[in-house]
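Report on the following structure.
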Amino acid sequence: GFLCNLGDMTATKRAGKQFMSVDAGARILAPVLFEAAEGQHLAALSSGGKLLIFTLDQMKALSGGGRGTVIMGLDAGETLAAACVAQTSLTLLCNTRGGKPVETSVAPRDWEPWLGKRARKGKPVDAFQKVSRLLALPTER
C-alpha cells in the first residue's frame, strides 16, 4: 500500500496510465479516500479476522504509484480484506456465529489491543464475531 493524491491516479492520455505494479495472483483493494489530518490511523483487516491499527505516518507516499509497502503481515492463505483511515471512530461490520449482521463501533480509546506497527500480523477482533468490513466515521470539523 501507499499514499498518493487522487490526481496522481488519473491520466490525460486516452490509453490510460500504468500506476501500480501487482504480483501475479494478487488482488487490488479499492482506494481509500480521506482528507489528511493530524492523528489519523490506518486500520487493516485480514481475511482471518485479525485487525491491525497503526499511525498513518508509517505509510509511504508515492505520487507516481509503484509497488508500495506491506500494510499487514498475513499468514499463509490469508488476504488483506479491508483497510480504512480512521481518527475519531472505527466501525466493524461483523457477523455473529449465527450469521446475524452486527455493527460494532470502537472509539480510539479502545484501540489499544490492535495498535502496532505497520507490517505486523495484528490481533483477532473477537472470538464470537467474523468481521467482514471496516468503516471510519468522517472527521468532525
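The values are calculated or read from the model by the stated rules, or taken from the named source; none is laboratory data. Since we're looking at a predicted model, the values are computed, not measured. Don't worry about glycine lacking a Cβ; one is built from the backbone with ideal geometry, like all the others, and counts go over all protein chains shown. These accessible areas exclude ligands, DNA and RNA; they are computed on the full protein's heavy atoms, side chains included. Shrake-Rupley method; radii C 1.70, N 1.55, O 1.52, S 1.80 Å.
The figures follow:
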{"read-out": "Residue list for segment 8-60, filter: part of a helix (DSSP H, G or I) and out of contact with any Ser or Thr (no Cβ under 9 Å at 6 or more places or on another chain)", "value": "M9, L56, D57"}
{"read-out": "For G68: the one exception among (1) touching a helix residue (DSSP H, G or I) at 6+ places or on another chain (Cβ under 6 Å); (2) closer than 30 Å to P113 by Cβ", "value": "(1)"}
{"read-out": "Conditions (1) in contact with a Phe, Trp or Tyr (Cβ under 9 Å, 6 or more places away or on another chain); (2) at pLDDT 90 or above; number of the one not met by A61", "value": "(2)"}
{"read-out": "Matching residues in segment 61-76 - criterion: being outside any loop (DSSP other than H, G, I, E, B) and more than 22 Å from A37 (Cα to Cα)", "value": "G66"}
{"read-out": "Qualifying position, being over 24 Å from D8 (Cα atoms), touching a strand residue (DSSP E or B) at 6+ places or on another chain (Cβ under 8 Å), modelled with pLDDT of 95 or more and not in a helix (DSSP H, G or I), among R133, R120", "value": "R120"}
{"read-out": "Leading residue by the ranking (nearest to L3 (Cα to Cα)) among those in segment 54-76 that are open to solvent by 40 Å² or more (accessible area, probe 1.4 Å), of a type in the set (G, A, S) and touching a residue at least 12 places away in the same chain (Cβ under 8 Å)", "value": "A61"}
{"read-out": "Neighbours by Cβ (under 7 Å, 6+ apart or cross-chain): first from segment 1-21, at negative phi and among the aromatic types (F, W, Y); second at pLDDT 75 or above and in a loop (DSSP other than H, G, I, E, B)", "value": "F2/M59; F2/K60; F2/L62; F2/G68; F2/T69; F19/G65"}
{"read-out": "Of all residues in segment 1-21 being among the aliphatic types (A, V, I, L, M) and surrounded by fewer than 10 Cβ atoms within 10 Å (Cβ to Cβ), the one that is farthest from the chain's Cα centre (by Cα)", "value": "A15"}
{"read-out": "When residues of segment 77-91 are limited to those that are in contact with a Pro (Cβ under 9 Å, 6 or more places away or on another chain) and of a type in the set (S, T, Y), the one surrounded by the fewest Cβ atoms within 10 Å (Cβ to Cβ)", "value": "T88"}
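Conditions tested, residue by residue: (1) charged (D, E, K, R); (2) within 21 Å of E78 (Cβ to Cβ); (3) open to solvent by 80 Å² or more (accessible area, probe 1.4 Å).
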residue	(1), (2), (3)
L93	no, yes, no
T96	no, no, no
E103	yes, no, yes
A107	no, no, no
G116	no, yes, no
K121	yes, yes, yes
P124	no, yes, yes
K130	yes, yes, yes
L134	no, yes, no
